[in-house]
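All of the numbers you see were taken from the coordinates with simple rules; none came from a lab. Predicted model, so just to flag it, every value in this text is computed and none were measured. Positions of Cβ are generated from backbone atoms using ideal geometry, with glycine treated the same way; all protein chains shown enter the neighbour counts.
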Ligand code: SF4
């Protein structure tokens with residue numbers, strides 16, 4: 001293996017060039033004694049291209065569960081017995097209200113996600129209408145759609161309706177793909193990213209780490225994403241939902257997650273790298289270090305699982321001295337956002353002290369009040385502190401926000 005030369009790696013990435021495959025492998029293979037050096041290298045690159053800014057993204061699950069595909073990591077597959085919320089399309093009003101709540105919480109981008117193999121033309125029209133309403137209420141927000149495989153015409157329709165971006169993750173390397181899914185192929189996913197691009201949509205595509213892949217495969221998928229010219233790279237960490245084939249997979253440590261994020265940053269120096277699903281569950285108390293590497297996170301809950309309280313996200317950014325990315329280069333003080341929602345001094349269920357209690361769960365698959373009391377109860381089994389030694393931490397299924405009567409975590 002190539003020796004880790006952090007000075008050379010940092011200089012390469014600071015020039016906007018990807019580090020080599022060998023160096024990417026050296027980053028993944030580095031020891032804990034080198035971890036802070038690796039984080040510092042990635043942080044220097046993050047700060048050069050993104051300063052102190054953090055982009056907040058907000059997920060709206062338009063259609064949940066009942067997917068005929070068999071992605072083994074996903075809680076929404078028909079074959080998974082996960083007990084996640086199952087519902088068909090949210091109405092335009094419900095979706096707009098959820099998105100607007102996320103924007104009120106500081107989100108710069110709203111991600112509209114629907115489970116399933118891909119949309120019908122009618123589905124695309126429906127999502128186009130939702131996008132129109134969201135943009136009318138929140139003209140500055142970016143909208144990213146994530147609807148599965150789509151045609152070029154559907155991509156163009158979404159673009160014309162106001163969609164800015166399209167998310168379709170590669171998830172894993174080509175060599176590992178058959179291990180995680182049999183109903184579609186890696187090349188189907190690559191094709192979809194290219195189709196979205198041709199339709200005028202900014203490509204967002206990332207991966208899920210922790211599914212049995214090798215270091216080489218992690219490097220492969222990052223280089224594939226770079227080759228595809230994606231604009232944003234969500235790095236998810238597997239949430240081993242009970243009832244999915246990958247339940248029981250616990251191959252990640254916080255240090256490993258930081259190395260993976262750092263490798264992503266150094267391969268894609270000037271591209272948005274997002275610490276996505278699994279942030280709270282796997283990074284736990286190391287989350288702040290992830291923000292030194294990534295310039296983007298999801299605010300609040302995930303598609304089918306709970307994230308830490310939105311207030312805790314903002315407090316973490318404030319503690320780090322980061323700002324929230326607004327429109328046209330505006331940088332917003334996270335404390336201003338907290339203050340605006342009346343939480344400046346914290347309240348039961350949302351203070352910084354809740355981070356451990358809420359830092360339990362996230363979702364991995366394809367509004368503005370807290371719901372905190374519920375959450376505080378639900379999160380009693382948070383993995384970071386309450387789980388018996390040797391026991392597998394539980395992934396907390398989302399029971400609030402879109403598709404429920406319970407206010408969202410934002
Ligand atoms: S990842 Fe997407 S395509 Fe795969 S099972 Fe989940 S919702 Fe369906």
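In table form, for the structure just shown:
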read-out	value
Values of log10 I(q)/I(0), in the order q = 0.14 Å⁻¹, for region 79-134 under a Debye, Cα-only, solvent-free model	-0.46
Cα-based convex hull volume of region 256-328 per residue, rounded to whole Å³	102
Cα Rg, Dmax (largest Cα-Cα span) when computed across the chain, Å	19.4, 55
Kirkwood-based shape ratio for region 174-330, expressed as Rg/Rh from alpha carbons	0.96
Calculated FRET efficiency for the pair residue 33/residue 188, C-beta based, R₀ 56 Å, to 0.05	0.85
Ascending count of other beta-carbon atoms within 10 Å, so fewest first, for 268, 257	268, 257
Neighbour-count ranking [beta-carbon atoms within 10 angstrom, fewest first] of 322, 298	322, 298
Square roots of 5 times each gyration tensor eigenvalue, C-alpha, region 96-203, largest first, Å	26, 15, 12
Share antiparallel - DSSP beta bridges, the chain, percent rounded to 5	10
Nearest-0.05 FRET efficiency for residue 151 and residue 336, computed from C-beta distance (R0 51 Å)	0.75
Region 1-151: mean projected area of Cα convex hull, nm²	12.6
Per-q log10 I(q)/I(0), region 185-258, q = 0.11, 0.17, 0.26 Å⁻¹ (Debye; single scatterer per alpha-carbon; no solvent)	-0.34, -0.74, -1.21
At R0 = 60 Å, FRET efficiency that the Cβ-Cβ distance of residue 17 and residue 137 yields, to 0.05	0.90
Translational D in µm²/s for region 1-82 (Stokes-Einstein at 25 °C, 0.890 mPa s, Kirkwood Rh from C-alpha pairs)	153
